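Since the structure comes first, as structure tokens, the remarks are kept for the end.
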Amino acid sequence: MTYQNLITEVKENILYITINREKALNALNKETLKELAHVIQFAGDTAEVRGVILTGSGEKAFVAGADIKEFSDYDASQGEQLARDGQATVFNAIENSPKPFIAAINGFALGGGLELAMACHIRIASDQAKLGLPEVTLGLIPGYGGTQRLTQLVGKGKAIEMIITAGMIPATDAEKIGLVNYVVPQADLISKAEEILNLVKLRAPLAVAGAIRAVVASLDGQNGYNVEIESFGKCFDTADFKEGTSAFVEKRKPVFSGK
Ligand code: DAK
């Protein structure tokens, strides 16, 4: 796969996606969003991919937001339509992906950039990273799920404070409020993400996907308990369930086929 604004590579069952617009601090323009939509779909459809690491190029920014130069002349209906499309094809598509996505936040994660990181299942930040939703400084509110996902992650009080003050917080504060899972030195960012995905790779792929589906269901208005019951039931018909239980009884490590 060749993209204009992304560098992608599959290595040892991990798909690495680097947003590559370093001069614009990796801001999300329309083309980048289109390419992200494509590669997210690829991740979901490709059995070889067991997990995804999403990062930004350079040491300064993960993503410094949506591309301000592009959306400055939109009207209300364009804004609403583009928010709807972007949420469906990129942000919700990541959250609903059967493959775990880890955001490796290597610098500024602002506006749409923080929204992108929050759509991922796990966030690891470099100790140099800064995070915030500065949309109100532009006369906007977050439009790619930020009001919802920030509230889910840090609670209503902190979410409202961050959004209406447009404050930018350092990675260490983000960890304290549950916005990121870990803070590590910049040089260890990718290896920390790999360490997590290397554990996930040992687990049963369909069970991993079912667990993500059930957890996410609790957050988007579905009855998460019912989704859990259905996903749980389906596990019993998988070869991986037979393999996992046989391996336990036979005192060996399971070899999962993802079937
Ligand atoms: N968009 C476009 N270009 C950006 C950018 C952005 N978000 N952020 C930075 N750049 C560009 C700068 O213009 C500059 O380009 P040149 O002037 O060199 O050509 C280059 O990146 C380097 O940036 P700075 O010179 O500003 O670097 P500094 O170190 O001085 O400052 C900074 C770093 C991150 C503090 C600063 O760049 C900054 O404040 N950036 C903007 C942060 C921001 O406000 N982001 C937008 C948040 S609002 C929508 C849905 C969602 C959204 C919008 C629409 N629809 C569905 C329609 C979401 C909106 C947002 O994300």
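What follows is calculated from the coordinates using simple rules that are stated; it is not laboratory data. None of the values given here were measured: they were computed from a predicted structure. Note: ideal-geometry Cβ built from the backbone for every residue, glycine included; neighbour counts use all protein chains shown.
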Next item on the list: Run the numbers on the chain and let me know its relative contact order in percent, using alpha-carbon pairs under 8 Å that are six or more apart.
Entry: 15 percent
Next item on the list: Compute the distance in nm between two label points, each set 7 Å from the Cα along the Cα-to-Cβ direction, one at Val136 and one at Leu202.
Entry: 4.6 nm
Notebook entry, point to check: Å³ per residue of the Cα convex hull, for the stretch 115-163?
Noted result: 84 Å³
Margin query: Cut-off under 20 Å on the C-alpha distance; same-chain residues fewer than 8 positions from Lys156 excluded. Which lysines are left, in chain and number order?
Written below: Lys176
Item checked: Ranked packing of 23-34, 60-71, most packed first, by mean Cβ within 10 Å -> 60-71, 23-34
Checklist line | For the stretch 138-209: relative contact order, % (alpha-carbon pairs under 8 angstrom, 6 or more apart) | finding: 19 percent
Note to self: How much of the pair distance distribution for the chain lies past 21 Å, counting alpha-carbon pairs only, in percent?
What the structure shows: 59 percent
Note to self: Students often forget the sequence filter, so: which aspartates and glutamates lie under 15 Å Cα-Cα from Lys34 once same-chain residues fewer than 8 apart are removed?
What the structure shows: Asp67, Glu70, Asp85
Checklist line | Measure of compaction for the stretch 67-114 (Cα Rg per 2.2 N^0.38 Å) | finding: 1.37
Notebook entry, point to check: What list of whole percents do you get for P(r) of the stretch 148-218, with Cα-Cα distances grouped in 5 Å bins up to the one holding the largest distance?
Noted result: 3, 13, 16, 18, 17, 18, 10, 4, 1
Checklist line | Rg in Å to one decimal, and Dmax rounded to a whole Å, for the stretch 110-229 via C-alpha atoms | finding: 15.7, 46
Next item on the list: Determine ³J(HN,Hα), in whole Hz, for all residues of the stretch 179-195 in sequence, where each value follows from phi through the Karplus function 6.51 cos²θ - 1.76 cosθ + 1.60 and θ = phi - 60°; x replaces Gly and Pro.
Entry: 7, 10, 7, 9, 10, 9, x, 3, 5, 9, 4, 5, 5, 5, 5, 5, 4
Check: According to a simple spin-label model (label point 7 Å from Cα along Cα-to-Cβ), what is the distance in nm between Tyr74 and Glu243?
Finding: 4.3 nm
Item checked: Too-long pairs where the Cα-Cα distance tops 18 Å, listed order kept, from Lys192/Lys253; Lys23/Lys192; Lys192/Lys251; Lys201/Lys253; Lys11/Lys99 -> Lys192/Lys253; Lys23/Lys192; Lys192/Lys251
Note to self: Please compute the modelled spin-label separation between Lys259 and Tyr182, points set 7 Å along Cα→Cβ, answer in nm with one decimal.
What the structure shows: 3.4 nm
Checklist line | Coordinate range along principal axes, alpha carbons of the stretch 162-259, Å, largest first | finding: 54, 37, 18
Check: Which of the peptides 85-93, 187-195 is most tightly packed, and how do the rest follow, going by the mean number of other Cβ atoms within 10 Å of each residue?
Finding: 85-93, 187-195
